[in-house]
Amino acid sequence: MPNKKKTQVTASPERRRELLRLAAEVFAAQGYNATTVRRIADEAGMLAGSLYYHFDSKESMLDEILSAFLDELWRGYDTVLAAGLGSRETIEALVTESFREIDRHRAAVAIYQKESRHLAAQPRFHYLTESQQKFEKAWLGTLERGVADGAFRDDLDIRLTYRFVRDTVWVAASWYRPGGQHSPEEIARQYLSMVLDGIAVRTPPT
């Protein structure tokens, strides 16, 4: 009698997205190393063994979560960078796109913020380092262009400015919740007003 092979169950695209969404929320809340497959399965209302029919490991789930987020982020960023905007307009568009990504992938952004440094040391996640280098180049290049063309002050420490803007934007993933009082675009507008124009009241010239 021939051996029977284990049947591979293929989740519907909607169910697969839901499982990844739940996994992302658990990873973001508990940390990747502290999260077990059983914990994700419990959140999904299924047995731990059943989850392995859809994903071969929690590492595979994390890989899909992060790569999907970064692929979408770079589609948006590349569109902005190719649009031929002025340096200030490019910064404004990049910040706005960043908040849209936080709205779409809040948990993935939180995971990326907390886990990417040590994950990048693993061969499977080398793309995290490549993405970070590309990200830095895009932002630093835009800031340098803005100083050169007079849009930004020439006394700025470009790298310090980049780190400030980067951290100010992405830390929002720790408190932002989709569907809140303000849209991503409105939050971006408020952040940009503070970053680019400051918070002090302007004194009219005498």
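The values are calculated or read from the model by the stated rules, or taken from the named source; none is laboratory data. If you're wondering where the values come from, they're calculated on a predicted model, not measured in any experiment. Here Cβ is always computed from backbone atoms with ideal geometry, including for glycine, and neighbour counts include all displayed protein chains. SASA here: full protein model, heavy atoms, side chains in, ligands and nucleic acids out. Shrake-Rupley method; radii C 1.70, N 1.55, O 1.52, S 1.80 Å.
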Can you tell me the relative contact order of segment 55-135? Whole percent, Cα pairs under 8 Å, sequence separation 6 or more.
-> 30 percent
Whole-number value, in Å³ per residue, for the convex hull of the alpha carbons of segment 33-115 is 95 Å³
Over segment 86-206, give the accessible area per residue in Å² for a 1.4 Å probe, as an integer.
-> 59 Å²
Rule-of-thumb Rg ratio for segment 56-206 [Cα; 2.2 N^0.38 Å; N residues] | 1.13
For segment 84-142, what class follows from the C-alpha gyration tensor (a ≥ b ≥ c being the square roots of its eigenvalues): rounded when a/c is under 1.5, otherwise prolate if a/b is larger than b/c, else oblate?
-> oblate
Mind running the shape call on segment 74-114? Use the C-alpha gyration tensor, a ≥ b ≥ c as the square roots of the eigenvalues: rounded below 1.5 for a/c, prolate if a/b tops b/c, oblate otherwise.
-> prolate
For segment 69-75, Karplus-derived ³J(HN,Hα) couplings (6.51, -1.76, 1.60; θ = phi - 60°; whole Hz; x for glycine and proline) come out as 4, 5, 4, 5, 4, 6, 4
Quick one: compute the contact order of the chain, relative version, from alpha carbon pairs under 8 angstrom and 6+ residues apart, as a percent.
-> 22 percent
Net charge contributed by nearby residues that have their C-beta within less than 9 Å of PRO178 (K/R +1, D/E -1) = +2
Of all the accessible heavy-atom surface of the chain, with the other protein chains kept in place and a 1.4 Å probe, what percent is carbon and sulfur?
-> 53 percent
Extension gain (nm, one decimal) between ASP56 and ASP157, 0.36 nm per residue minus Cα-Cα | 31.7 nm
Which ³J(HN,Hα) values in Hz, rounded to whole numbers, follow from the phi angles of segment 105-121 under the Karplus curve 6.51 cos²θ - 1.76 cosθ + 1.60, where θ = phi - 60° and Gly and Pro get x?
-> 9, 4, 5, 4, 4, 4, 5, 4, 4, 8, 10, 5, 4, 7, 5, 4, 6
